[in-house]
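Read the figures in this text as sums done on the coordinates, not as results from a lab. Keep in mind it's a predicted model, so treat the numbers as computed, not measured. All Cβ positions, even for glycine, are placed from backbone atoms using ideal geometry, and neighbour counts span all protein chains on display.
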Amino acid sequence: MTSLRDQVALITGSSRGIGAAIATLFAREGARVVVHGRDAKALETVQARIEAAGGQVLAVTADLTRFDQVEAMRERIEASFGPVDILVANAGGSPVRPGPVELISEQDWHATVDGNLTATFLTVKSYLPGMKQRGHGNIITLSSAAARRPNAGSPVAYAAAKAAIELLTKDLAAQAGPHGVRVNCIAPETIMTERNRQEIPEHVQQSLVANHPIRRLGTPEDVAEAALYLASDSASWISGIILDIAGGSVLL
Ligand SMILES: NC(=O)c1ccc[n+]([C@@H]2O[C@H](COP(=O)([O-])OP(=O)(O)OC[C@H]3O[C@@H](n4cnc5c(N)ncnc54)[C@H](OP(=O)(O)O)[C@@H]3O)[C@@H](O)[C@H]2O)c1
């Protein structure tokens, strides 16, 4: 398994969940992976798992809403592994529950937009110049099915931030393509990460299955396989797409 051999891949938000699955698969495919998060202990666990399987891995911490920390992280990665070839800007999530727009506090709004849209922007801002200079690179951003469907039960600040990430991705693809950089976006439906397994009651999980033409919920590995495809040369003429990983549940 060497489809990513000699590539350096940074997966932000890989201390757990989808990001950890992407990092594990990319390492198995021969990439030197950089795992990232804020929780050093969780990162240690992911790092140990990848190393035990024979992978090469570096663990870094940074708050991606702070550009000084994003830049310091890049410098550390470049000093250890060299420049990043594949950037998966995966970190994000909703810090708040769904509810009426007028009840969203300003603080929650900013936390959601910063943790998703701004974090993605700052990460891309840090890595894109080097990719353009070197004439190659691959960026994958993370949206959500929430961005594809208004008023479908997700927090609207989160859905709006993810919709903006989709637009940012397409703009970036247009800007960066002539410099040899591909940029694509993955939009997953509810994925059974460890966090979702704990937070979504069993009977709700069962009822969600019925919304999917493919009658099961998604796994982190489903998303990781899609990321691998987009990162690999098999997708060398694909840029600017939003790829729904949704078991057929997003049909429009
Ligand atoms: N799971 C789903 O059902 C689902 C569906 C659609 C889209 N998504 C998207 O897929 C991505 C991964 O989701 P997930 O469910 O795997 O998330 P998760 O299990 O909650 O993990 C989130 C990861 O992002 C990191 N992170 C979050 N904010 C950060 C910040 N400001 N600075 C640095 N790191 C930050 C976390 O780091 P620490 O924990 O170490 O602090 C963690 O590694 C997210 O963008 C999410 O919106 C998920």
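Suppose R0 equals 45 Å; then what is the FRET efficiency for Asp68 and His136 from their Cβ-Cβ distance, rounded to the nearest 0.05?
Between Asp68 and His136 the formula returns 0.95.
Neighbouring Cβ atoms within 10 Å as the yardstick, rank Phe121, Phe67 fewest first. The partial results should precede the final answer.
Values: Phe121 19, Phe67 15.
In order of increasing Cβ crowding within 10 Å: Phe67, Phe121.
With just the Cα atoms defining each centre, how far is segment 20-97 from segment 197-236? Give it in Å.
So the separation of the two Cα centres works out to 21 Å.
Relative contact order for the chain: what percent, with Cα pairs under 8 Å and sequence separation of 6 or more?
On the way: 499 pairs, mean separation 47.4, N = 252.
Relative contact order here is 19 percent.
Neighbouring Cβ atoms within 10 Å as the yardstick, rank Met192, Met73 fewest first. Mind showing how you got there, number by number?
Working: Met192 18, Met73 22.
Starting with the residue having the fewest Cβ neighbours, the order is Met192, Met73.
Give, as a single signed number, the net charge of other residues whose beta carbon lies under 12 Å from the beta carbon of Ile245, with Lys and Arg counted +1 and Asp and Glu -1. Don't skip to the end; give the middle numbers.
Numbers: positive: Arg148; negative: Glu189, Glu221, Asp222, Glu225, Asp244.
It works out to a net charge of -4.
Summing -39500 (n - 2.57) over the DSSP H runs of n ≥ 4 in the chain and dividing by its residue number, what mean residue ellipticity at 222 nm do you reach, to the nearest 500 deg cm²/dmol? Display every interim value, and only then the final one.
On the way: 9 runs with 111 residues, N = 252.
Mean residue ellipticity at 222 nm (helix-derived): -14000 deg cm²/dmol.
Lys125: which lysines have alpha carbons under 20 Å from its alpha carbon, excluding same-chain residues fewer than 8 sequence positions away?
Lys162, Lys170
Can you work out the Karplus-derived ³J(HN,Hα) for every residue in segment 149-159? Use 6.51 cos²θ - 1.76 cosθ + 1.60 with θ = phi - 60°, whole Hz, and x for glycine or proline.
9, x, 6, 10, x, 8, x, 5, 4, 5, 4
If one takes the longest principal axis of the Cα atoms in the chain, at what angle in degrees, from 0 to 90 and to the nearest 10, does the Cα axis of helix 119-134 lie?
Relative to the chain, helix 119-134 is tipped by roughly 30 degrees.
How much net charge surrounds Gly82 when only the other residues with a Cβ under 11 Å from the Cβ of Gly82 are counted, with Lys and Arg +1 and Asp and Glu -1? Please list the in-between numbers first.
Numbers: positive: Arg32, Arg134; negative: Asp6, Glu78, Asp85.
Overall, the nearby charge balance is -1.
Counting Lys and Arg as +1 and Asp and Glu as -1, what is the net charge of the other residues whose Cβ lies under 14 Å from the Cβ of Asn211?
Details: positive: Arg148, Arg149, Arg215, Arg216; negative: Glu189, Asp244.
Result for the neighbourhood of Asn211: +2.
What order do you get for Arg182, Arg149 when you list them from fewest to most C-beta neighbours inside 10 Å? Please report the intermediate quantities before stating the final value.
Working: Arg182 24, Arg149 15.
Starting with the residue having the fewest Cβ neighbours, the order is Arg149, Arg182.
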